[in-house]
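Enquirer: Sharing a structure with you now.
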């Protein structure tokens, strides 16, 4: 099949492109740069998905069977209108349009099923609002015009090549024998999915007839607490971990922020919990998530070979530990 991957040069897209090529598909990628490093077999299309006219020019005269839309612009945001512009630009004769949404589209709450209401159009968080509104728009296109959309709602994605400072945040500190700061009591729930499992779900969603017009939660079956997540990362690299629990409010008063630059727990990892049930994906897509420990060990091996980040600056953490007089537990 002729497949377009919007944003195929980073984390999810890079893994997805590789699997599509292995399966013999003709693959194009749409991104803002004039070239890519994905190999000569991958067709390069230059365009800004946040600009409908730019997308139209990039895909003019081309036909695709399947489109994977997995780009969100974290600096500018990607709105419902911009997603709609992309969908309409590439929508002629499509068999499937797979949109990578997020568990965040639910807004808040635990144990969400796909039929649960998504966050309101007025939600104060831009990312949450944009994902929820984009999904509603795509399903309206399906209901009114038969647009063949499928949406996937992953939680925290981990794995080899993660561009966010997440798993590596903890492995850097464990390697340097640093204590790990745990915000509050460490019981906030987190839910993960291995990037290769998400890609497998994408490949299934592009061909499964019963996926059209549906959303799917794609995640590990069991959420873990923040403390359990860090312990699992320590186990993956074979290091002993020392936890220091500091009240979240105190961390924030001292200048800590979940997005950085004064980071204390991995980029965007310390957020109110949103969890989901994956029974529908298991039933319709045959989804079988990789064991968390197994996925982390593969991710750690990648980290050892490819970690090129500069040495972390621990100044904020040292000041925070000194200020609160926290004890290692």
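Enquirer: Restricting to the range 91-139, count the residues that are assigned to a helix (DSSP H, G or I) and either under 13 Å from residue 274 (Cβ atoms) or in contact with a strand residue (DSSP E or B) (Cβ under 6 Å, 6 or more places away or on another chain) (or both).
Expert: 10
Enquirer: Continuing with this model, one more query. For the range 21-34, check the following and say yes or no: at least one residue is buried (at least 17 other Cβ atoms within 10 Å of the Cβ), under 18 Å from residue 147 (Cβ atoms) and modelled with pLDDT of 95 or more.
Expert: no
Enquirer: Taking only the range 259-283 into account, find how many residues are under 25 Å from residue 205 (Cβ atoms), surrounded by fewer than 22 Cβ atoms within 10 Å (Cβ to Cβ) and in contact with a strand residue (DSSP E or B) (Cβ under 7 Å, 6 or more places away or on another chain).
Expert: The qualifying residues number 3.
Enquirer: Quick one: would you say residue 209 is in the same structural domain as residue 115 (by TED's automatic domain parsing) and either out of contact with any helix residue (DSSP H, G or I) (no Cβ under 9 Å at 6 or more places or on another chain) or touching a residue at least 60 places away in the same chain (Cβ under 8 Å) (or both)?
Expert: Values: in the same structural domain as residue 115 (by TED's automatic domain parsing): yes; either out of contact with any helix residue (DSSP H, G or I) (no Cβ under 9 Å at 6 or more places or on another chain) or touching a residue at least 60 places away in the same chain (Cβ under 8 Å) (or both): yes.
For residue 209, the condition - in the same structural domain as residue 115 (by TED's automatic domain parsing) and either out of contact with any helix residue (DSSP H, G or I) (no Cβ under 9 Å at 6 or more places or on another chain) or touching a residue at least 60 places away in the same chain (Cβ under 8 Å) (or both) - is met.
Enquirer: Return yes or no: is residue 176 buried (at least 17 other Cβ atoms within 10 Å of the Cβ), assigned by TED's automatic domain parsing to the domain that holds residue 304, more than 18 Å from the chain's Cα centre (by Cα) and within 25 Å of residue 259 (Cα to Cα)?
Expert: On the way: buried (at least 17 other Cβ atoms within 10 Å of the Cβ): no; assigned by TED's automatic domain parsing to the domain that holds residue 304: yes; more than 18 Å from the chain's Cα centre (by Cα): yes; within 25 Å of residue 259 (Cα to Cα): yes.
Taking the combined requirement at face value, the residue does not satisfy it.
Enquirer: Is at least one residue of the range 242-251 within 14 Å of residue 316 (Cβ to Cβ) and surrounded by fewer than 17 Cβ atoms within 10 Å (Cβ to Cβ)? Working first, answer last.
Expert: Looking only at the range 242-251, we keep the residues that are within 14 Å of residue 316 (Cβ to Cβ), and these are 244, 246, 250-251.
Checking which are surrounded by fewer than 17 Cβ atoms within 10 Å (Cβ to Cβ) leaves us with 250.
Checked against the condition, which is being within 14 Å of residue 316 (Cβ to Cβ) and surrounded by fewer than 17 Cβ atoms within 10 Å (Cβ to Cβ), the range 242-251 yields at least one hit.
Enquirer: Restricting the search to the range 53-80, which residues are surrounded by fewer than 17 Cβ atoms within 10 Å (Cβ to Cβ), part of a helix (DSSP H, G or I) and in contact (Cβ under 8 Å) with a residue 12 or more places away in the chain?
Expert: The answer is 56, and nothing else.
Enquirer: Regarding the range 90-112, can at least one residue be identified that is buried (at least 21 other Cβ atoms within 10 Å of the Cβ) and at pLDDT below 95?
Expert: Checked the range 90-112: at least one residue is buried (at least 21 other Cβ atoms within 10 Å of the Cβ) and at pLDDT below 95.
Enquirer: Still on this model: I'd like the full set of residues that are outside any strand (DSSP E or B) and under 30 Å from residue 315 (Cβ atoms), limited to the range 178-219. Show your work before the answer.
Expert: Taking the range 178-219 first, the residues outside any strand (DSSP E or B) are 178-179, 184-188, 191, 195-213, 218-219.
Passing the criteria: 178, 179, 184, 185, 186, 187, 188.
Enquirer: Could I ask something else about it? Just the residues that are assigned to a helix (DSSP H, G or I) and free of Cβ contacts under 8 Å to residues at least 24 places away in the same chain, please, taken from the range 220-261. Steps first, answer last, please.
Expert: Applying the first criterion (assigned to a helix (DSSP H, G or I)) to the range 220-261 yields 226-237, 248-253.
228, 231, 249, 252, 253, listed by residue number.
Enquirer: Moving to a separate point now. Which of (1) crowded, with 17+ Cβ neighbours inside 10 Å; (2) touching a helix residue (DSSP H, G or I) at 6+ places or on another chain (Cβ under 7 Å); (3) not in a strand (DSSP E or B) does residue 161 not meet, given it meets every other one?
Expert: Result: residue 161 fails condition (1) only.
Enquirer: Can you name the number of the only condition in (1) at pLDDT 95 or above; (2) over 16 Å from residue 87 (Cβ atoms); (3) within 22 Å of the chain's Cα centre (by Cα) that residue 13 fails?
Expert: (1)
The values are calculated or read from the model by the stated rules, or taken from the named source; none is laboratory data. Note that the coordinates shown come from a computational prediction; the quantities given were computed from them, not determined experimentally. Glycine gets a Cβ as well: all are built from the backbone with ideal geometry, and neighbour counts include every protein chain shown.
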